[in-house]
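The values are calculated or read from the model by the stated rules, or taken from the named source; none is laboratory data. These numbers come from a predicted model, not from an experiment. Neighbour counts are summed over all protein chains in view; Cβ atoms, including those assigned to glycine, are modelled from backbone coordinates with ideal geometry.
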Amino acid sequence: MKINNKVFITTTSSISCAGDNDKTLFANICDGNSGIKQDKNYFFEEQPAIGKLSSSDAFHDALILQCQNILEQSKLENFNDTLLIIGSSVGGMNATEEIYFKTQNYKDIDPNFHHINAIANILNGEFDFYHDISFSTACTSSANAIGYAYEVLSKGIYKNALVVGVDSLSKITVGGFLALGVLSSEPCKPFDVARDGMNVAEAIACLLLETEPPENAVEVCGVGYSSDAYHMTHPHPDGKGAISAMSRALKSASITPEQIEYINAHGTGTIANDRAEANAIATLFPNQPYVSSTKSITGHTLGAAGALEAIISCMVLKEQKYPKNTFLDIPENINLNLPLMSQESEINYVLSNSFAFGGNNCSLVFGKSK
Amino acid sequence: MRINLEILESAYVYHHREIEELNTKELVPNMMTRRRLTRAAKIAIYLADKVSFLNGRIIYGSSFGELSATANILNSINSKESISPTHFQNSVYNTAVSYLSMLSNNKNEILTISSGDNTSLNILKSGAIKALDGDTLLLLAIETLNIDKIEEVNSCIDALECGVALKVRFTEKEAIINYDNIKNLDNTPKSLSHMLNIAKNIHMDKPNIIEVIL
């Protein structure tokens, strides 16, 4: 089927450890104000540095508030014609944990608020959506959700789509990454020779995608998906899966690598991810666009990361300013252009990477609306 | 909008506790790899083989995901034991289909949907939209609920292990199968009902075409 419609991100709203709105988030990223802090509430013997929401609102209330923000800021009166697309890796796990650790059994757990669809169930209780679908591909969940929104709108299947990338922290998440030995006790240092791991974090990031752009909207130009087919938790060292996803995104956007001026890297701060991603970017982009990871400020928000970093990419295009690599001291890969200062610059196209367990990869290309 | 899909091949399995004949030893000769597989991964590998799907895009879905790995982690935390890294890496919803991609060297797009009782319906819808691009896709839905004390939270599902696969492609031919009257077959999980009903109504001696309503 021929793809016809242009797709635009018209309204966004987010909350993370780096700010309770998009402007604060981007200012903190550009200024290097990290929301990552050591925390001993999950496992007393370990104190990983993690990112908790900046607001004291309950997570459930914060989720609804972000969607209300979208309605208020957009031209929509309601979500009756809107496809709701959730991207989450844990869904209602937090609620399940609370009940299970309190009662030591499963009896009081409501299955409808345990699984990934718990998020859609909460939002369907507050708003009337045309239809909903939830994706759960670990840390690419909401990047895949944006890719799906792009596809269904460009094919003319739905009128508009609300993508909600959301993940809250739970003992399973923090404990699981501790078990893998990949959590740092400091804010992470992606792409640095001395990086020692990542920071798990929570976030809610909402994006309304439409085919009719208001002024200053950002265009979703293309999406590329791939699978590593290599290992459950380790990427191929040469970044073969990442190269494939990025190449497909560029092809989907009908642009060349030379046209990308900024890459928002997946850049988790783990040894394996950053090495593979750096190799992939260096291979595909010999023109050396600016590359930064914003996870030293936001943490790795897991299933929400793709949506949160899409909002950051929108801010880059709107503000015409690329963010720095906070805490980067000595880059491991000297073939990358890793800025140490946030600077204003002419930026027409941004590429955003998301990679996940199982070798699931998704790259998105965003463009300045013309 | 309506999109018609031709079902090229289909397969399904279910059991009230544990499906026995998944042919895993033959399909996954490497013992170390085999030992890491979750039940859902074994079912995915079996079903993909049954419908002769070697390479291409896959839309996978599960309402409850890798329940056994998740329960093991919860129990470890509760009893203050170390969390197994393997259980954690196997707890993500896309685990089963990731193992399938590794074993078949499938480097294509692979999505995982989790939409509660509508999971297999949403697999059909997204599969239909993707199929407009012209390729053949594997639609796959699996639930593996056979964990200790599942009866504390489950009173309506008899088939604790269940999986269904449809190999599909877009067609402009007229639909002859509809899914208007979906029944919950043998108390299998509702999340698989739409695809299971279709798989059970396949007649391989004629074209099997369904109309997916978006």
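Which of the helices (runs of 4 or more DSSP H) found entirely inside the range B:1-53 contain at least 3 residues meeting this: within 14 Å of chain A (Cβ to nearest Cβ)?
The qualifying helices (runs of 4 or more DSSP H) are B:31-36, B:39-50.
Can you work out which of the residues in the range A:162-195 that are among the charged types (D, E, K, R) and in a strand (DSSP E or B) is surrounded by the most Cβ atoms within 10 Å (Cβ to Cβ)?
Restricting to residues being among the charged types (D, E, K, R) and in a strand (DSSP E or B), the top hit is A:Asp167.
What tally of residues in the range A:67-100 results from selecting those that are surrounded by fewer than 21 Cβ atoms within 10 Å (Cβ to Cβ) and either among the small types (Gly, Ala, Ser) or under 17 Å from the mean Cα position of the chain (by Cα) (or both)?
Total satisfying the criteria: 2.
Out of A:Ala280, A:Ala272, A:Ala265, which single residue is on the phi < 0 side of the Ramachandran plot, small (Gly, Ala, Ser), at pLDDT 95 or above and surrounded by fewer than 20 Cβ atoms within 10 Å (Cβ to Cβ)?
Only one candidate passes the filter, namely A:Ala272.
Yes or no: the range A:77-89 includes at least one residue that is more than 22 Å from A:Leu153 (Cβ to Cβ) and aromatic (Phe, Trp, Tyr).
Looking for residues that are more than 22 Å from A:Leu153 (Cβ to Cβ) and aromatic (Phe, Trp, Tyr), one finds none in the range A:77-89, hence no.
Assess whether B:Ala141 counts as being modelled with pLDDT under 95 and under 29 Å from A:Ile109 (Cα atoms). Can you show your working first?
On the way: modelled with pLDDT under 95: no; under 29 Å from A:Ile109 (Cα atoms): yes.
No; evaluated as a whole, the condition is false for this residue.
Within the range A:154-176, can you find the residues that are touching a strand residue (DSSP E or B) at 6+ places or on another chain (Cβ under 7 Å), aliphatic (A, V, I, L, M) and within 11 Å of chain B (Cβ to nearest Cβ)?
Passing the criteria: only A:Val174.
Of the residues A:Ser296, A:Ser313, only one is among the polar types (S, T, N, Q), more than 19 Å from A:Met246 (Cα to Cα) and not in a loop (DSSP other than H, G, I, E, B); which?
Numbers: A:Ser313 fails: more than 19 Å from A:Met246 (Cα to Cα).
Unique residue meeting the criteria: A:Ser296.
Scan the range A:101-119 for residues that are more than 7 Å from chain B (Cβ to nearest Cβ) and crowded, with 19+ Cβ neighbours inside 10 Å and report the count.
The total comes to 3.
Would it be correct to say that A:Ile263 is touching a Leu at 6+ places or on another chain (Cβ under 8 Å), away from every other protein chain (no Cβ under 14 Å), in a strand (DSSP E or B) and of a type outside the set (Ser, Thr, Tyr)?
Details: touching a Leu at 6+ places or on another chain (Cβ under 8 Å): yes; away from every other protein chain (no Cβ under 14 Å): yes; in a strand (DSSP E or B): yes; of a type outside the set (Ser, Thr, Tyr): yes.
Answer is yes for this residue.
What's the number of the condition A:Ile122 fails, among (1) over 22 Å from A:Phe355 (Cβ atoms); (2) among the β-branched types (Val, Ile, Thr); (3) at the interface with chain B (Cβ under 8 Å from one of its Cβ atoms)?
If we test A:Ile122 against (1) over 22 Å from A:Phe355 (Cβ atoms); (2) among the β-branched types (Val, Ile, Thr); (3) at the interface with chain B (Cβ under 8 Å from one of its Cβ atoms), just (3) comes out false.
So A:Tyr150 clears everything in (1) closer than 19 Å to A:His266 by Cα; (2) surrounded by 21 or more Cβ atoms within 10 Å (Cβ to Cβ) except one condition, right? Which one?
Unmet for A:Tyr150, out of (1) closer than 19 Å to A:His266 by Cα; (2) surrounded by 21 or more Cβ atoms within 10 Å (Cβ to Cβ): (1).
Does A:Thr283 satisfy being assigned to a loop (DSSP other than H, G, I, E, B), among the polar types (S, T, N, Q) and touching a residue at least 24 places away in the same chain (Cβ under 8 Å)?
Spelling it out, it is not the case that A:Thr283 is assigned to a loop (DSSP other than H, G, I, E, B), among the polar types (S, T, N, Q) and touching a residue at least 24 places away in the same chain (Cβ under 8 Å).
Going residue by residue through the range A:126-139, is there one that turns out to be among the β-branched types (Val, Ile, Thr), more than 19 Å from A:Ile172 (Cβ to Cβ), part of a helix (DSSP H, G or I) and within 23 Å of the chain's Cα centre (by Cα)?
There is no residue in the range A:126-139 that is among the β-branched types (Val, Ile, Thr), more than 19 Å from A:Ile172 (Cβ to Cβ), part of a helix (DSSP H, G or I) and within 23 Å of the chain's Cα centre (by Cα).
B:Leu132: of a type outside the set (Asp, Glu) and either free of Cβ contacts under 8 Å to residues at least 24 places away in the same chain or within 24 Å of B:Tyr46 (Cβ to Cβ) (or both), yes or no?
Considered against the rule, which asks whether it is of a type outside the set (Asp, Glu) and either free of Cβ contacts under 8 Å to residues at least 24 places away in the same chain or within 24 Å of B:Tyr46 (Cβ to Cβ) (or both), B:Leu132 comes out as no.
Evaluate the range B:82-104: report whether one residue or more is at pLDDT below 95, of a type in the set (Gly, Ala, Ser) and assigned to a loop (DSSP other than H, G, I, E, B).
Looking through the range B:82-104, at least one residue is at pLDDT below 95, of a type in the set (Gly, Ala, Ser) and assigned to a loop (DSSP other than H, G, I, E, B).
Residue by residue through the range B:1-21, note down the ones that are farther than 30 Å from A:Lys155 by Cβ and touching a Leu at 6+ places or on another chain (Cβ under 9 Å).
Across the range B:1-21, the qualifying residues are B:Val13, B:Tyr14, B:His15, B:His16, B:Arg17, B:Glu18.
Identify, please: which residue in the range A:196-225 is assigned to a strand (DSSP E or B) and among the acidic types (Asp, Glu) and is, among those, surrounded by the fewest Cβ atoms within 10 Å (Cβ to Cβ)? Lay out the reasoning, then the answer.
Taking the range A:196-225 and keeping what is assigned to a strand (DSSP E or B), we get A:198, A:200-201, A:203-210, A:218-225.
Right, trim to among the acidic types (Asp, Glu) and you get A:210, A:219.
Details: A:Glu210: 23, A:Glu219: 20.
Selected residue: A:Glu219.
Quick check on my filter: what residues within the range A:122-136 are touching a Gly at 6+ places or on another chain (Cβ under 9 Å) and under 17 Å from B:Leu124 (Cα atoms)? Write out each step before concluding.
Keep residues of the range A:122-136 that are touching a Gly at 6+ places or on another chain (Cβ under 9 Å), which gives A:122, A:134-136.
Result: A:Ser134, A:Phe135, A:Ser136.
Of these, A:Tyr230, A:Tyr290, which one is more than 20 Å from A:Glu346 (Cβ to Cβ), aromatic (Phe, Trp, Tyr) and surrounded by fewer than 24 Cβ atoms within 10 Å (Cβ to Cβ)?
Just one listed residue meets the conditions, A:Tyr230.
Answer with yes or no whether A:Ala62 is within 26 Å of A:Asn216 (Cα to Cα), out of contact with any Phe, Trp or Tyr (no Cβ under 7 Å at 6 or more places or on another chain) and either in contact (Cβ under 8 Å) with a residue 60 or more places away in the chain or not in a strand (DSSP E or B) (or both).
When the stated conditions are applied, A:Ala62 does not pass them.
Is there any pair with a first residue in the range A:19-31 that is of a type in the set (Gly, Ala, Ser) and a second that is modelled with pLDDT of 95 or more and part of a helix (DSSP H, G or I) whose Cβ atoms are under 9 Å apart and which are 6 or more apart or on different chains, and what are they?
Matching pairs, first to second residue: A:Gly19/A:Leu25; A:Gly19/A:Phe26; A:Gly19/A:Ala27; A:Gly19/A:Asn28; A:Gly19/A:Ile29; A:Gly19/A:Thr298.
Quick one: in the range B:65-86, of everything that is farther than 19 Å from A:Phe101 by Cα and surrounded by fewer than 22 Cβ atoms within 10 Å (Cβ to Cβ), which residue is nearest to the other protein chains (Cβ to nearest Cβ)? Walk me through it before giving the result.
In the first step, residues of the range B:65-86 are kept if they are farther than 19 Å from A:Phe101 by Cα; the result is B:65-66, B:85-86.
With surrounded by fewer than 22 Cβ atoms within 10 Å (Cβ to Cβ) added as a condition, the list becomes B:85-86.
Numbers: B:Pro85: 5, B:Thr86: 9 Å.
Among residues in the range B:65-86 that are farther than 19 Å from A:Phe101 by Cα and surrounded by fewer than 22 Cβ atoms within 10 Å (Cβ to Cβ), the one nearest to the other protein chains (Cβ to nearest Cβ) is B:Pro85.
Which members of the range B:117-136 meet the condition of being among the small types (Gly, Ala, Ser), within 13 Å of the chain's Cα centre (by Cα) and either at positive phi or within 7 Å of another protein chain (Cβ to nearest Cβ) (or both)?
Listed by number, the list is empty, since nothing qualifies.
Do any residues in the range B:66-84 that are touching a residue at least 60 places away in the same chain (Cβ under 8 Å) and small (Gly, Ala, Ser) have Cβ atoms under 6 Å from those of residues that are part of a loop (DSSP other than H, G, I, E, B) and surrounded by fewer than 23 Cβ atoms within 10 Å (Cβ to Cβ), where the two are at least six apart or on different chains, and which pairs are they?
Cβ pairs passing all conditions: B:Ser68/B:Ile147; B:Ala71/B:Ile147.
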